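First comes the structure, then the notes that go with it.
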Amino acid sequence: MISMNGFSQEPPEIIEAELAATRKVLESHYYVLGGQVTEFESEWANYCGIEHAVGVANGLDALEIILRSVGIGPGDQVITTPMTAVATVLAILRSGATPVLADIDPATGLLDPESVQRCVTDQTRALILVHVYGQVRNMADWVTLSDSLGIALIEDCAQSHGAREGDTSCGSFGVAGAFSFYPTKNLGAIGDAGAIITKNADIAEQARMLRNYGQTNRYEHKVVGMNSRLDELQAALLTVRLGYLDSFTQRRQEIAARYLVEISNPCVRLLATPLNASEHVYHLFVVTTDYREQLQEHLRVAGVETLIHYPISADHQEALAGIATDPQGLPHAHKHAKTCLSLPCQPQLTDSEVAAVIAAVNSFVPQGS
Ligand SMILES: *Cc1c(COP(=O)(O)O)cnc(C)c1O
């Protein structure tokens, strides 16, 4: 099977480096928020070209901590997208604020600025932009829009590690960026992990407090915090894996470039291509089709695994029943949820596997149409 994740095909030298890093942590006898965490935070901040990185337990917590660090809570509204991992919406709810869902641009899957504007009320305090599938686009426009509305721009970078527009890395356009290092992300730990990046020293300080019980000095608690500490083992493993991120990203972009040129089935639509290669790190390569079930089955028979990101728009989740949306509804998100399909685009794919995916997609003919 040509699979969506290539852990078992990673070069053996990575495992060797991970084992060495693991041994170092075990022999240090220091396990949580220590030197390895500090080192990874500084490497991650450096990689993103920003002043502060704060390691936390996962991406959901990173978003909740950012919201709380900028003072968002009960009575406030936060606009975001329905076409995201549900964690984005859960973070807003956990901060005590009220999520409001805007519609997407069907050409990219990213938020539609006009729909966002229809969602604004006097209670709107922030916008969480999700760089879904790995693409970062039109950031100057989003900064201008959020500045003119007087709301905080927060970036959910869980799918876009290293994506840049111009010289600026995602996560540094707004007040702060949230990363997940869940194993399947472009930079993944060997378990759960996450980080916040920001140029704002106050937000970084608040985040450091909130992740560790709201503690300033030992046993002194200034705010009601949480336990979202990053452990030494994950931090050490992330530092090792960060050394491979650029080459893995390049491979994802190479595979995507072939798909964009060579997929030529009229029943399969490609999303808009990025203006510059660096704007898309292809966490996922997503196509849309009116024959999704048939195409997915055709690919399965041809030995190609696919997944759907996401089959259920957030407003249709049972857990989120009654959630507020654009007053004109979310027709593009609903259609996307019914038609999108993610093809394998992970860095361990061989050239012949990429060719096999392309051949399988191009040989698809819908039945009964
Ligand atoms: C994975 C993901 C998250 C959540 O990250 P976790 O580490 O699983 O909590 C949030 N937003 C998006 C867009 C994601 O893809």
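The values are calculated or read from the model by the stated rules, or taken from the named source; none is laboratory data. Only a predicted model underlies this, so the values are computations on that prediction, with no experimental measurement involved. Cβ atoms come from the backbone with ideal geometry, glycine included; neighbour counts cover every protein chain shown. Remember, those area values only see protein heavy atoms, side chains included, never the ligands or the DNA or RNA. Shrake-Rupley method; radii C 1.70, N 1.55, O 1.52, S 1.80 Å.
Across all Cα atoms of region 184-316, the radius of gyration (one decimal) and Dmax (whole number) stand at 20.8, 63 Å. If I compute solvent accessible area with a 1.4 Å probe over the protein chains, what percent of it on the chain is carbon and sulfur? On the chain, the fraction of accessible area on carbon and sulfur atoms equals 52 percent.
Length gained on full extension, Asp246 to Ala355: 36.9 nm, using 0.36 nm per residue less the C-alpha separation. When only alpha carbons are used to place a centre, region 122-169 and region 328-342 end up 21 Å from one another. Excluding ligands, DNA and RNA, the accessible surface per residue across the chain is 43 Å² with a 1.4 Å probe.
Normalising the average separation of contacting C-alpha pairs (under 8 angstrom, six or more residues apart) by the number of residues puts the relative contact order of region 242-316 at 27 percent. On full extension, the segment bounded by Asp141 and Tyr219 gains 23.7 nm, given 0.36 nm per residue less the C-alpha separation.
Note: relative contact order over the chain, using C-alpha pairs below 8 Å and six or more positions apart, is 23 percent.
Given their separation in residues at 0.36 nm each and the Cα-Cα distance between them, Ala257 and Val365 gain 36.5 nm when the chain is fully extended.
Anisotropy class assigned to region 66-211 is rounded, per the alpha carbon gyration tensor with a/c under the 1.5 cut-off. Residue ranges 350-362, 98-110, 24-36 sort as 98-110, 350-362, 24-36 when ordered by packing (mean number of other C-beta atoms within 10 Å per residue, highest first). A convex hull fitted around the alpha carbon atoms of region 256-327 yields 164 Å³ per residue. For the chain, list log₁₀ I(q)/I(0) at each q in 0.14 Å⁻¹, using the Debye formula over Cα point scatterers of equal strength and ignoring solvent, two decimals each. Rounded to two decimals, the profile gives -1.20.
Gaussian network model of the chain, Cα springs within a sub-10 Å range: biggest mean-square fluctuation belongs to which of Glu305, Glu18, Glu262? In this elastic network of the chain, the residue with the biggest mean-square fluctuation among Glu305, Glu18, Glu262 is Glu262.
DSSP beta bridges fully contained in the chain are about 55 percent antiparallel. The calculated FRET efficiency for Tyr31 paired with Lys338, based on their beta-carbon distance and R0 = 56 Å, is about 0.75. 3J(HN,Hα) along region 271-284: 6, 4, 7, x, 5, 10, 4, 5, 7, 9, 9, 6, 3, 9 Hz, from the Karplus curve 6.51 cos²θ - 1.76 cosθ + 1.60 with θ = phi - 60°, whole Hz, x for Gly and Pro.
Where the eigenvalues come from the Cα gyration tensor of region 203-272, what are the semi-axes √(5λ) of the equivalent ellipsoid, largest first, in whole Å? Gyration-tensor ellipsoid for region 203-272: 44, 17, 9 Å. Couplings 3J(HN,Hα) for region 233-246, derived from phi with the Karplus relation 6.51 cos²θ - 1.76 cosθ + 1.60 (θ = phi - 60°), are 5, 5, 5, 5, 5, 5, 4, 4, 5, 4, x, 9, 4, 4 Hz, where x marks Gly and Pro. The convex hull around the C-alpha trace of region 1-82, projected and averaged over every direction, spans 9.5 square nanometres. Taking Lys and Arg as +1 and Asp and Glu as -1, the other residues whose beta-carbon sits under 15 Å from that of Ala158 total -4. Helix-only arithmetic for the chain: the sum of -39500 (n - 2.57) across DSSP H runs with n ≥ 4, divided by the residue total, places the mean residue ellipticity at 222 nm at -12000 deg cm²/dmol. Charge tally around Gln215: other residues with Cβ under 10 Å, Lys/Arg +1 each, Asp/Glu -1 each, net +3.
Glu262 sits among other residues whose Cβ lies under 14 Å from its own Cβ, and their net charge, with Lys and Arg +1 and Asp and Glu -1, is -2.
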